[in-house]
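For reference, the structure discussed in these notes is given below.
The values are calculated or read from the model by the stated rules, or taken from the named source; none is laboratory data. From a predicted model like this one, the values you see are computed outputs, not experimental measurements. Ideal geometry is used to build each Cβ from the backbone, glycine not excepted, and the neighbour counts take in all protein chains shown. The area values use the complete protein model at the heavy-atom level, side chains included, leaving out ligands, DNA and RNA. Shrake-Rupley method; radii C 1.70, N 1.55, O 1.52, S 1.80 Å.
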Amino acid sequence: MQNTKLEVKNLQISFSHEGNQVNAVRDVSFSLGQEKLAIVGESGSGKSTVGRSLLKLHPKNATVEAEKLLFGDIDLLKASEKTMRDIRGRRISMIMQDPKYSLNPVMKVGDQIAEAYLAHYKVSKKIAQEKALVMLEKVQIRDPKRVYSLYPHEVSGGMGQRVMIAMMLIPEPEIIIADEPTSALDVSVQRQVLNLLDELINESNIGLIFISHDLDLVRNYCDRVLVMYAGRVVESIKASELENAHHPYTQGLLKAPPRIGDIRHRLPTLERDPSWLYN
Amino acid sequence: MNMINIEGLNLSFGSGSNESKILHDVNIQVKAGESFGLVGESGSGKTTVLRCLAGQYHHWSGQLSVNGNSLQHKLDKKRCIDMQMVFQDPYGSLHPRHSIETALAEPLKIHKMDNKDQRISSILKKVGLDDSFRYRSPHQLSGGQRQRVAIARALILEPQILLLDEPTSALDVSVQAEILNLLKELKEKEGLTYLMVTHDLGVVTYLCDRVAVMQNGHIVETISSSDLANHGASEPYTKMLLDCCYHTEARLNDTTSFAN
Amino acid sequence: MMTNSTMASSATSKSASAGMVMLLQMLVHGSKRIIRNPLTAAGLFVVMLLLIVAMFAPWIATHNPLAQELSNSLQPPSSEHWFGTDEFGRDIFSRLVYGSRITLYIITLVTVIVGPIGLAIGTISGYFGGVIDTIFMRITDIFISFPGLVLALAFVAALGPGLEHAVIAIALTSWPPIARLARAETLQLRKADYIVAVQLQGASSTRIIFRHIVPMCLSSVIVRLTMNMAGIILTAAGLGFLGLGAQAPLPEWGAMISTGRSYMLEHWWLVAAPGAAIMLVSLAFNLLGDGLRDLLDPRN
């Protein structure tokens, strides 16, 4: 793949808990170019753990090992905490699920965006504020000046998530990791936020890792899909070819949700095969 | 006869200039054995309707009746026997310090019912769990198993109506399928009446016969599920919701081969 | 053939034994975690030591705590009298050992009074809210706004000095924080789905409060009570020091400091020994409370 931004080979993550070792992620390999890559799985599949480990945001009791964990020419495995601080937010940023919990409740949203810029660029406060206003306009907020001085509890969920996106995009990162960025939002708002994210990403050549539980959403939105099950990637497939997915788990996920006008009397349930864990 | 009859239900919070009206003149009629869906986005008041029926708000105005009995503002035991509820979050709806047995025995003790042991066994079997689950505590169960226990707890008083508050939205899709199958099966076997709140149009057309679409405390449109699926919706808001839903399903509908 | 009643009783005994097993597992698991934190372990050790000393006081004490021997008064610590003797020639070590019984008696009694009262008032006012909440919380405010020792003083002054009166006085001043804590927890709990579920099952308010809410508040109340014990010991010692608690010749630690005060400059051990005992035990309860908080925190 041309222009590879991130390369992961045989990523292994294990947690030690009271003397027991639990493998949360095993043998995960992928590379990310300027594209939208989805990591899909059910709860406990390890999809969020993968996302966090890329930024070394994993908890202390986790061990991360890999044959390769390259971001550009930086080896993330060996990177010092100081290097990581430069990377986090500046070069790789992360959008979380619920803006309610990821925004500082006692700080104006505009100031939080400006702060995100100031953290990585040596400019005056004035310029950062200007930047933040431009950014608010970019995420299609109608009245940026008014919204700038609102507090997080005064904005709606959709607007909060736009603010989050503005905050994550303002340092002009190369990769965005979005962990279920729209699952706390209503469907109509969800679509607007996703379209917006899509536009901004294409505009500035950003690579996106989109972590989600929703295969339907992801297949229309992303270019490539990694399906994770119990810490492993069971299938890696182009989103447009998902109908022809080979793995029974992927097929099961596709068939499980009921559709509008579903004529099935019973929904198919997943039969989990232990042999999936050994391939 | 209507199993659930809601006429002119109004509810507001605050007073004077701060008064905000949550429900505006809501009318819903659900026949016995029917399952009825309430859909809408967050803040539409769909859950509030359910909570009024469940006796969580005491200051609504209008007419509510269930199984022919008109409801007072306070909960009474008769209402409990007629109607039970299943909640959205299976992690918050079971008492963390009570074993499954304690949770299921509690309603029986309150209503002084006999044969506790047999009732618990048979209800567990009905929701697809075996007797070994009796002595476990909620934190030892998966989300799907917890939701089964919550359904068992709702059914142990043998109510005729189940209020379902987004019963599957906190679950993984594969588990959601299991719970929806279970709910459908229980409805057919026991002749239950469902009133379900959800934001998922797929789920509502799968389980419900009729649907009311809510927006900002108003019912925008009441429509049968089959009409909804066959583009029979007339209100723009309903069409917009459908559009959002089809948008994510778009590519799937091209390859309609997923019916099994 | 098994009848229903035997089936039911076998089920209840089975569930009871399952409960016992769960409790035992929790205890074993819990004690392991307590021991892992050295400070908590030290606190637990001192509290256990206090219990053992109080229980086996007659065997541990080297002398009769009340026996006077005027010819032997104000002796410095020696192999005969480990912590020296007081102005009447009584063995201070033995008095400390017997004094632990009084300390334990006071904290047990206060805790037994304060725990249930605080829990009941807090959960009831949190659960019902509205007028009941306002009335209960204003009463709590009144009690909380009096300085503890002053209220206790007033109370003892009205009833006359004595151990029982001191206990009642301390109890009166230490229930409000417990009630506030229980109320705060209840306010969070009463909107929980599982509480709504039992309401919808037709449970009475009494049943909901005592079977469903109280068990959830219990762990934080226990932690708070443990930390409170340090305060109780200090208040008891303070009352003893002022001559309003345990009366002579009872070997209460605070009273021992009070009488030893007059000889303090030349004979430091009269004050140092009971002072150290008070400090050690109240520190131990604080450490234990901290450890219990980590242990019982539902987030773990």
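Laid out as a table, the results:
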| read-out | value |
| --- | --- |
| Where Rh is the Kirkwood radius over Cα pairs, Rg/Rh for region B:73-133 | 0.97 |
| Coordinate range along principal axes, alpha carbons of the protein assembly as shown, Å, largest first | 108, 72, 65 |
| Set of lysines with alpha-carbon distance to B:K109 below 16 Å, sequence-local pairs under 8 removed | B:K77, B:K78 |
| Solvent-accessible area buried by pairing B with A, both sides, nearest 100 square angstrom, 1.4 angstrom probe | 3200 |
| Rg over Rh, two decimals, chain A (C-alpha only, Kirkwood Rh) | 0.98 |
| Cα-based Rg of region A:158-279 normalised by 2.2 N^0.38 Å, two decimals | 1.21 |
| For chain A: accessible area per residue (Å², 1.4 Å) | 47 |
| Gaussian network model of chain C, springs between alpha carbon atoms under 10 Å - residue of C:N228, C:N286, C:N37 with greatest fluctuation | C:N37 |
| Residues C:R211 and A:S31, FRET efficiency given R0 of 56 Å [Cβ-Cβ distance, rounded to 0.05] | 0.50 |
| Whole-Hz ³J(HN,Hα) from phi, Karplus 6.51 cos²θ - 1.76 cosθ + 1.60, for region A:243-258, glycine and proline x | 4, 9, 4, 8, 6, x, 5, 4, 4, x, 4, 5, 8, 5, x, x |
| Residues of region A:203-228 buried by at least 10 Å² on assembly (accessible area, 1.4 Å probe, chain alone as reference) | A:H213, A:D216, A:L217, A:R219, A:N220 |
| Violating pairs (Cα-Cα greater than 31 angstrom) within the set A:K82/A:K145; A:K56/B:K46; A:K56/A:K125; A:K108/B:K21; A:K78/A:K125 | A:K82/A:K145; A:K56/B:K46; A:K78/A:K125 |
| Convex hull of Cα atoms in region A:76-166, direction-averaged projection (nm²) | 6.4 |
| Coordinate range along principal axes, alpha carbons of region B:22-137, Å, largest first | 47, 30, 27 |
| Spin-label zone in region B:1-32 - amide nitrogen under 19 Å from a point set 7 Å from the Cα of B:S234 along the C-beta vector | B:27-29 |
| Average other protein chain Cβ within 10 Å of Cβ, residues B:74-83 | 2 |
| Chain B: most fluctuating residue of B:S122, B:S174, B:S225 per GNM, C-alpha cutoff 10 Å | B:S174 |
| Accessible area per residue in Å² at 1.4 Å probe, computed on region B:107-233 | 35 |
| Qualifying aspartates and glutamates (Cα of each under 16 Å from Cα of A:K60; at least 8 residues distant if same chain) | A:E18, A:E81 |
| With eigenvalues of the C-alpha gyration tensor scaled by 5 and rooted, region C:33-165, Å | 41, 22, 12 |
| Of A:A256, A:A119, A:A166, the one that fluctuates the most in a GNM where chain A has Cα springs shorter than 10 Å | A:A256 |
| Rg/Rh ratio calculated on Cα atoms of region A:22-123 (Kirkwood radius) | 0.98 |
| Coordinate range along principal axes, alpha carbons of region B:43-201, Å, largest first | 46, 39, 32 |
| Solution diffusion estimate, µm²/s, Stokes-Einstein, chain C, Kirkwood Rh from C-alpha pairs, 37 °C, viscosity 0.692 mPa s | 151 |
| Pairwise Cα inverse-distance average, inverted: Kirkwood Rh of region C:224-300 (Å) | 13.5 |
| Longest segment of chain C lacking GluC sites (Glu not before Pro) that sit in a DSSP loop with at most 13 other Cβ atoms within 10 Å | C:81-265 |
| At least 10 Å² accessible surface lost relative to isolated chain, residues of region B:115-129 (1.4 Å probe) | B:N115, B:D117, B:Q118 |
| MRE, 222 nm, helices only [DSSP H, n ≥ 4, -39500 (n - 2.57), over the protein assembly as shown, to nearest 500] | -15500 deg cm²/dmol |
| Alpha carbon convex hull of region C:185-250, projected area averaged over orientations, nm² | 6.4 |
| Local electrostatic count, B:A233, Cβ distance below 12 Å [Lys/Arg +1, Asp/Glu -1] | -3 |
| Whichever aspartates and glutamates have a C-alpha closer than 16 Å to that of B:K31, once near sequence neighbours (fewer than 8 apart) are set aside | B:E7, B:D82, B:E188, B:E190, B:D209 |
| Cα gyration tensor shape for region C:90-139, rounded if a/c is under 1.5, else prolate or oblate | prolate |
| Using a Förster distance of 41 Å, the FRET efficiency for A:W276-B:H73 (Cβ separation, nearest 0.05) | 0.15 |
| The protein assembly as shown, accessible surface, carbon-and-sulfur percent (1.4 angstrom probe) | 56 |
| Column: log10 I(q)/I(0), Debye, Cα scatterers of region B:142-228, q = 0.20 Å⁻¹ | -1.00 |
| Square roots of five times the Cα gyration tensor eigenvalues for region A:22-61, Å | 19, 13, 10 |
| FRET efficiency, 1/(1 + (r/R0)^6) with R0 22 Å, evaluated for A:N61 and C:K32 via beta carbons | 0.80 |
| log10 of Debye I(q)/I(0), alpha-carbon scatterers only, for region B:189-238 at 0.21, 0.22, 0.28, 0.30 Å⁻¹ | -0.75, -0.82, -1.21, -1.33 |
